[in-house]
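Below: one structure in structure tokens.
The values are calculated or read from the model by the stated rules, or taken from the named source; none is laboratory data. Keep in mind the model is a prediction, meaning the values are calculated, not measured. Backbone-built Cβ (ideal geometry, glycine too); neighbour counts: all protein chains shown. Ligands, DNA and RNA are excluded from the accessible area calculation, which covers all protein heavy atoms including side chains. Shrake-Rupley method; radii C 1.70, N 1.55, O 1.52, S 1.80 Å.
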Amino acid sequence: MLNGQNGLWLADMGFMDFAGGTVVHSGGAWVGLAAITIVGARRGRFDEDGAPVKLNGHSPILATVGALIIWVGWVGFYGGSTTAGTADFAKIVQNTMISGGQAGVTAMFLGWFLSGHLTPLAAINGALAGLVAITPGCDVLDGQGSMSLGIMVGLLVTFSEFVFEKLRLDDPLGAVSVYGVCGAVGTVMRAVLAPEPVMLADNRSEQIGVQLIGVATVFVWSFGVAFAVLWIASKAFSPGGGHSCFRVPEDHQVVGLNMAELINKIMGGLPSAMTEMENSVAAAAVGNFAYRIDLSQFSGAPKRLCLGINQINEICETGLRTIQARLDQMADGDLATEISGEMQDSSARREVR
């Protein structure tokens, strides 16, 4: 394709992907899979035995609102993929809504069965899985096929998230399961559920084979290239000491990114300033008042606090030098002579009075 002479390899074989279930959703998810493999898990995501620890989101309400907003966008995305204002628009929207809704309900009740309670995340990821899976075939499936696909991926996305946790791959939103796994399955299931007359290959079996080749090709390319690039970058730009250039510092993970952003940008880096002040006080505790904090890295209140610490250390250091000088004079006998002379002068002044 790059020189204009090559053929369209997958398209020439009859690969079908109406709105990008593989080339959009799965392709991006495989890049994400490479990223989480390189970056590793968040702090506290797995315990010492490797068992997953749930790190709950801050606002299920906002997460649900976001899912509903993107669902509305999906209607325009898929309907607009017809590139023409035809009656197919209504069929595409119908299939999109059925698959997304059915997958959301399926995942929600499966989560209830497994955990004993209903969770917003299960319903959200289930619905998104259905919306992703219907992408390749929303133009050719009927209502029954869309519902069947929704039930399938509603179950699949839950199982896929469980498998990734067992592999200790930290996917905070389950995006690889939703977009990668369900996008790939939806691409293959188009050949399984769609009427045979709409196939581009000679028959259904051949169409399934072409779909599998397309899914595998996108996976190898997307994951392989992304893994290689990210691995090289992690080795070239990571500061060392086990810290990845793709992961925020551990103290930021502890306080949370919102608080870390507030402290670093607005308050001038208070945690680092506190560390410097602790180092200064520790040095002073053993009599070392020569420690000075580099003020150029701070601003605002932290800088003023560090400046005060530096000034205290300077006063203490000057006082110690003066005392040491006096002690040295006393050892040499000069201080006794000076004190005797001062006492004689004071006595003489009193006699004059």
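Looking at the stretch 86-93, can you tell me whether even one residue there is under 27 Å from the mean Cα position of the chain (by Cα) and open to solvent by 50 Å² or more (accessible area, probe 1.4 Å)?
no
Does Thr96 count as of a type in the set (Val, Ile, Thr) and open to solvent by less than 50 Å² (accessible area, probe 1.4 Å)?
So Thr96 fits the description; yes.
Turning to a different aspect of this structure: How many of the residues in the stretch 66-92 are assigned to a helix (DSSP H, G or I) and either of a type in the set (A, V, I, L, M) or out of contact with any helix residue (DSSP H, G or I) (no Cβ under 8 Å at 6 or more places or on another chain) (or both)?
Result for the stretch 66-92: 15.
Would it be correct to say that Gly101 is assigned to a helix (DSSP H, G or I) and touching a His at 6+ places or on another chain (Cβ under 9 Å)? Steps first, answer last, please.
Details: assigned to a helix (DSSP H, G or I): yes; touching a His at 6+ places or on another chain (Cβ under 9 Å): no.
So Gly101 fails the test.
Now a separate question. Among (1) at pLDDT below 90; (2) surrounded by 14 or more Cβ atoms within 10 Å (Cβ to Cβ), where does Gly242 come up short?
It is condition (2) that Gly242 fails.
Could you run through the stretch 194-223 and say how many residues are touching a residue at least 12 places away in the same chain (Cβ under 8 Å), open to solvent by less than 60 Å² (accessible area, probe 1.4 Å) and either within 26 Å of Ala29 (Cα to Cα) or hydroxyl-bearing (Ser, Thr, Tyr) (or both)?
So the count comes out to 11.
Given the criteria surrounded by fewer than 16 Cβ atoms within 10 Å (Cβ to Cβ) and farther than 27 Å from His252 by Cβ, does Val72 qualify?
It is true that Val72 is surrounded by fewer than 16 Cβ atoms within 10 Å (Cβ to Cβ) and farther than 27 Å from His252 by Cβ.
While we're on this one: Go through (1) in contact with a strand residue (DSSP E or B) (Cβ under 8 Å, 6 or more places away or on another chain); (2) not in a helix (DSSP H, G or I) for Glu165 and report which single condition fails.
The one condition Glu165 does not meet is (2).
Here's another thing I want to ask about it. Mind counting the residues in the stretch 224-239 that are of a type in the set (Gly, Ala, Ser), surrounded by fewer than 13 Cβ atoms within 10 Å (Cβ to Cβ) and at pLDDT 90 or above?
Here is the first cut: in the stretch 224-239, the residues of a type in the set (Gly, Ala, Ser) are 224, 226, 228, 233-234, 236, 238.
Right, trim to surrounded by fewer than 13 Cβ atoms within 10 Å (Cβ to Cβ) and you get 224, 228, 236.
This time we only want the ones that are at pLDDT 90 or above, so: 224, 228.
Count: 2.
Moving on to the next point. Pick from the stretch 126-169 the residues that are touching an Asp or Glu at 6+ places or on another chain (Cβ under 8 Å) and open to solvent by 10 Å² or more (accessible area, probe 1.4 Å): which of them is farthest from Leu193 (Cα to Cα)?
Here the answer is Phe164.
Here is a follow-up. Only one residue in Glu317, Glu276 is assigned to a helix (DSSP H, G or I), at pLDDT 80 or above and acidic (Asp, Glu). Which one? Talk me through it step by step, then tell me what you get.
On the way: Glu276 fails: at pLDDT 80 or above.
Matching residue, one of Glu317, Glu276: Glu317.
State which residue pairs qualify: first residue within 14 Å of Ile124 (Cα to Cα) and inside the stretch 81-105, second residue outside any helix (DSSP H, G or I) in any location, beta carbons under 8 Å apart, and separation of 6 or more residues or different chains.
Pairs that qualify, where the first residue is within 14 Å of Ile124 (Cα to Cα) and the partner is outside any helix (DSSP H, G or I), are Ser99/Ile134; Ser99/Cys138; Gly100/Ile134.
OK, next. Only one of Gly111, Gly104, Gly116 is out of contact with any Asp or Glu (no Cβ under 8 Å at 6 or more places or on another chain), of a type outside the set (A, V, I, L, M, F, W, C) and surrounded by fewer than 19 Cβ atoms within 10 Å (Cβ to Cβ). Can you tell me which?
Gly116
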